[in-house]
Amino acid sequence: MNHPVLFDCDPGIDDAAALALVLAYLDVRMITTCAGNQLPIKTYTNARNLLSLMGREEIPVYQGAPKPLVRELRIAAEVHGKSGVGPVELPESTAPHTTKTALEASARFLSESEQPVEILATGPLTNIAILLVAHPELKHKIKGITLMGGAFHGGNTTPVAEFNMAVDPEAANLVFRSGVPIVMFGLDVTRQAQCYREDIERLREVGTKTATALAAMLDFYSNTLQLPVLAPPEHVEGVHLHDPCAAAYLVDPSLFTLVRCNVEIETKGEFTAGCTVVDYYHNTGREENASVAFAVNREKLIDLLCDAVGKLN
């Protein structure tokens, strides 16, 4: 059954690739945006304009929380550029704006949906945490939360914290303790999802407007990741497809290997805030609250992305 999808994101270059995947294959009903890769007004505008690029302006976009629950906002402009989508000029959306908040729209969508809703979250988890706290009576309407965030073997923002978790660890803690089924795509699997220069060229050769724009974004992304301050020790030319991993799982779960674990979010540590403590060896005896991805079929993921951008426009 193709369940309706609520996509919460902070576009963001890899969010754009994730959006292409879900628009091509899934029943996306609405998009909510959060601050993260860029400022909240920019992620909201990018989501609207990406829908314009991909020919899906009928999907409504709602702006969410302007900042994390308790912390000051941090963004990743050094990675995603001043606009959030690198150098690409997106077509301006002509869809009407709405005064509804992400919380209002999400709650109404869940309450009115006849089927359980899949939530895909590729940014900080602020909006999702607010929804779950404000409307616990709607948890049963959520089939699951598939998210990009966290890490088992080390972070990309601090030595132990991945960016989305580091931005709002308090929100992540609420989500992981909510009781809603969670599938987590952390850096351990997304760093295996390497999109090399030749893969970017393959995307470009698909020839649609979406393919051309996405290839240009990934070129920019790849170039920024060559900078010494951003390049991880194992980095090679190309980019890691972080957010597309979570999106691709909803399209084809067979691409990934998952392990059931207990995952706790560190919120108080002086050096470890945002760390996802993954009990891979089941040392704690705590209840397993997430399925954690540890392996991906990289080649098939690239195939899926190329097919997706060919279906749009």
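The values are calculated or read from the model by the stated rules, or taken from the named source; none is laboratory data. These numbers come from a predicted model, not from an experiment. Using ideal geometry, Cβ is built from the backbone for each residue, glycine included, and neighbour counts are taken over all protein chains shown.
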* Does region 94-111 hold any residues that are touching a strand residue (DSSP E or B) at 6+ places or on another chain (Cβ under 7 Å), of a type in the set (Ser, Thr, Tyr) and assigned to a helix (DSSP H, G or I), and which are they? -> SER106
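Keeping to region 256-273, report how many residues are in contact (Cβ under 8 Å) with a residue 24 or more places away in the chain and surrounded by fewer than 21 Cβ atoms within 10 Å (Cβ to Cβ).
Kept after step one, since they are in contact (Cβ under 8 Å) with a residue 24 or more places away in the chain, are these residues of region 256-273: 256-267, 271-273.
Checking which are surrounded by fewer than 21 Cβ atoms within 10 Å (Cβ to Cβ) leaves us with 257-260, 262, 264, 266-267, 271-273.
Looking only at that region, the number is 11.
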* Asked: Can you name the residue in region 179-199 that is touching a residue at least 12 places away in the same chain (Cβ under 8 Å) and over 25 Å from THR157 (Cα atoms) and is also surrounded by the most Cβ atoms within 10 Å (Cβ to Cβ) among such residues?
  -> ASP199
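From the set of residues in region 254-286 that are of a type in the set (S, T, N, Q) and assigned to a strand (DSSP E or B), which is farthest from the chain's Cα centre (by Cα)?
Let us first name the residues in region 254-286 that are of a type in the set (S, T, N, Q), namely 254, 257, 262, 267, 272, 276, 283-284.
Remaining after also requiring assigned to a strand (DSSP E or B): 257, 276.
Working: THR257: 19, THR276: 16 Å.
Within region 254-286, the match that is farthest from the chain's Cα centre (by Cα) is THR257.
Yes/no matrix, rows are residues, columns are (1) of a type in the set (Gly, Ala, Ser); (2) part of a loop (DSSP other than H, G, I, E, B); (3) modelled with pLDDT of 95 or more:
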| residue | (1), (2), (3) |
| --- | --- |
| ASP14 | no, no, yes |
| VAL22 | no, no, yes |
| VAL28 | no, no, yes |
| SER52 | yes, no, yes |
| LYS82 | no, yes, no |
| GLU89 | no, yes, yes |
| GLU92 | no, yes, yes |
* To do: Answer yes if at least one residue in region 54-71 is in a helix (DSSP H, G or I) and within 17 Å of MET217 (Cβ to Cβ), and no otherwise.
  => no
* Asked: Quick check: anything in region 110-126 surrounded by 20 or more Cβ atoms within 10 Å (Cβ to Cβ) and over 17 Å from the mean Cα position of the chain (by Cα)?
  -> yes
* Does THR276 qualify as being closer than 21 Å to GLY179 by Cβ, hydroxyl-bearing (Ser, Thr, Tyr), surrounded by 14 or more Cβ atoms within 10 Å (Cβ to Cβ) and modelled with pLDDT of 95 or more? -> yes
